[in-house]
Structures are given as C-alpha cells and as structure tokens.
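Okay, structure first, notes after.
The values are calculated or read from the model by the stated rules, or taken from the named source; none is laboratory data. As the structure is a computational prediction, the values presented were derived from the model and not from experiment. Cβ coordinates were reconstructed from backbone atoms using ideal geometry, including for glycine residues, and neighbour counts include every protein chain displayed. Just so you know, the surface numbers come from the protein's heavy atoms only, side chains and all, with ligands and any DNA or RNA stripped out. Shrake-Rupley method; radii C 1.70, N 1.55, O 1.52, S 1.80 Å.
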Amino acid sequence: MPGRFAPTPSGRMHIGNIYAMLGAWLSARSRGDDMLLRIEDIDEPRVVPGAAELMMDDLHWLGLDWDGDPVFQSARHDLYREALHCLENLTIDDAYDSPFDERNDHTPAVGSAANNAIAGTTPLIYPCFCSRADIRAASAPQEGDRFVMYPGTCRRALAEHPRQVEQRLANGDRHSLRIAMPVAGDARAVVTVHDRVFGNCRFDLPRDLGDTVVRRADGLFAYQLVVTVDDLLMGVDDIVRGRDLLRSAALQLYIRERLLDAGFGDSSDGGVAAAHRDIRFAHLPLIDNAAGRRLSKRERSLDMGTLRKHGVTAHQVIGYCAWLLGLQQEPEPCAAADLLHGFSWDALAADSQDRSIPDDPFSIGL
Ligand code: GLU
C-alpha cells in the first residue's frame, strides 16, 4: 500500500521539507510500495503560483520519484463536499454500526445540525459562529502545533438554544463547521496513534484536541478534513511528516472512522479496502535553524533555489537529510537509492529530539 508526498505549494522546499520527503520515499520504496504525490493546494490564499511545478522539479532533481499523476486538492472540491455531507448525516450518538451505513444515499441534510439538536441529538457537524478572537479569549494556550482548543461555545449554544442557531443560519450569519469530539468516557474518545518514531501515543480527543473546524468560515474545506478524505480515497497507509502533526493524526483517525461509519468512499476502488488496515505513521523531529527557529519557507537561505544556485549537489542534499534521519553517521553525499537497503526508523526512534542545523551547512558563503 502506498506512501505519499503531500507538500503545500506555499514556497520553495527547504531542507526540512526534503528530509520529510526522503523519509516518506524511503519508507514506501524500501518495502517496494508505490509513492503518490498530492499537491495540497486547497488553502488558496497560501498557494504561491508556480511553487508546485518547482517542487516537482526539485523532487526529480533529488531522485525522489512518484507513481502516477500528481493529485491536486484544488480539483477535488466535489469529493470534499460529498464527504462533509456524509458526516452531516451523523450524530455524535451514532454507534459504529450507524443506520446510515445501510441508507448511504449521501443526501445533504440542509440545516441538519439545528434539526438534530431540536430533536435532542448532538450533530457530529455543527455550525460555529465564533471569531478567532472569541476563541483565543476563551481558550487555554496550547503547545506549538496548529491547535487552539475550542471551548465548545457553539456546541453548547446548539444544545441549549437550537432555534436561535437555526435563525442565525437562516439569516446567513458567517460560520465555520466543526466536528464534535465524543464525550469523555465514550469508547471513541481515546485514540492511540502507533508511531514508528514516537511509539504508541495516546490522545484523549475531547481533552487534547477539542471540536475542530472542517469547513472554514471563508468556505474553504479545512486541512483536517481534506487530508483524511484524500488519504482514505488514495488508499494511503504509510504517512511520514513532521511531529507537529502527531496530534492531528489522532483527529484524522477519528474523522476517518466517522467517514467509514457514514459509508463514504464505498464506491471508490481500492480506498476502502485499505481503510480498514492500520495506518503506519512516522512523525519526524522538527528541524530548527541555529537560532532555534523552525525552518520555514519564508526563510530563503536553505531553500532549494538557493542551494541549487550555489552549486550544492543533489547527493549533498540527500546525504545531509539522511544524516538528519539518523541513517548515516556523517552528512556524507549519497543517492536516495543507496539508502534503501536496510532502511529503518530505529535510529530516529532512539533519538527523536528536534534537530537544529547551522545557517550555512554546505559552506556556500550564505
Ligand atoms: N501539506 C502539509 C504540509 O506541507 C502536510 C500534510 C500531511 O502530511 O498530512 O505541511
């Protein structure tokens, strides 16, 4: 079953991105599996024109190949819409054997959140009228990943005043859609991510994640929904990426299960056969620069454009990333294919501290 590269085309790739790509490629290819490329360009405001083409060119140059045509999220809105409609048919109270499994007609339930609430059930997907400022003011600060824990304001409003919520929807008030986490004590509330670097990581969904946005107030489908839909439909079962997404893995497993409960993807070939298998995750330590700041695409110094322009070779870049992955003792130049034999996550698992690298690791006079 395949692995995937899933870059966001928001700028030129840097050493930190290449290190994750190399890990993903080695993980899939060392088992003789396919490697898929998905361009995560759903968040249009973040997309930089031409960045996807440069990423593909950089991957070719590095010797990191993939199978088939790249999948562009921007061409998959209909699938995300269908997935969301499936989830909107569920309530949080639905057991694993949801009655919707049989019905499976994917009918969008207009205003279903308010209707469910009026009927006394908690909808799995509900509208949230809170602004970011509202949420920040009401939430405890979180660790440095992408989560701001939602305090549940609109979930409570829906339970207590469903008709007001219905009225706000009818008025066209701006809102996002959130997925409700199970309540504490529900068997679905605790999810264990089996990670080859960080071991078995247990997350309590209501306590560690909270209700999360699946469609943003600007109408765009959110990362957590689209990535789950795509991995499911593409049959991906090997996911390698930065450890800032470790907590997201628990949420994505939860969304995946709910999509399967709702019968989503039943007609797709291959995807759902894979869906019931365990997903192999490897979340990687993050890479900081010498000043301790996480490498970002905004920092040009270690990006592929700069490195290639200064004559750094593909083998130097791969060798450096292999060293970051713990696959060689020194950052010696090598080809990606040289690393396939005997590839393992063991060294990284034994030392999973975030890494920091100097500002000019290839001594090109930056
Ligand atoms: N597109 C995401 C990123 O570039 C990665 C998402 C994922 O691997 O799940 O950060």
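For Ser356, the residues 5 or more places off, or on other chains, whose built amide H falls under 5 Å of its own are Asp288.
Can you bin the stretch 172-245 into rounded, prolate or oblate? Criterion: square roots of the alpha carbon gyration tensor eigenvalues sorted a ≥ b ≥ c, rounded for a/c under 1.5, prolate for a/b above b/c, oblate for the rest. In terms of gyration-tensor shape, oblate. Less than 5 angstrom separates the built amide H of Arg280 from those of Asp238, Ile239, all sequence-distant by 5 or more or on a different chain. Here the chain is assigned +1 on the Cβ of each Lys and Arg and -1 on the Cβ of each Asp and Glu. Its dipole about the Cα centre then comes out at about 1100 debye. All other residues whose Cβ lies under 11 angstrom from that of Leu259 are scored, Lys and Arg at +1 and Asp and Glu at -1, for a net of -3. Here Asp354 and Glu332 are evaluated by their C-beta separation; at R0 = 25 Å the FRET efficiency comes out at 0.65. Close amide H pairs (under 5 Å, H built 1.01 Å from N) link His161 with no residue at least 5 positions away or on another chain.
Using a probe radius of 1.4 angstrom, the carbon and sulfur fraction of the accessible surface of the chain is 49%.
Roughly how many whole Å is it from the C-alpha centroid of the stretch 311-366 to that of the stretch 144-196? Their Cα centres are 41 Å away from one another. Cys residues of the chain that find no other Cys beta carbon under 4.7 Å: Cys86, Cys130, Cys201, Cys321, Cys334. Extension gain, Arg132 to Asp266: 0.36 nm times the residue separation minus the Cα-Cα distance gives 44.6 nm. Rolling a 1.4 Å probe over the protein heavy atoms gives the chain an accessible area of 44 Å² per residue.
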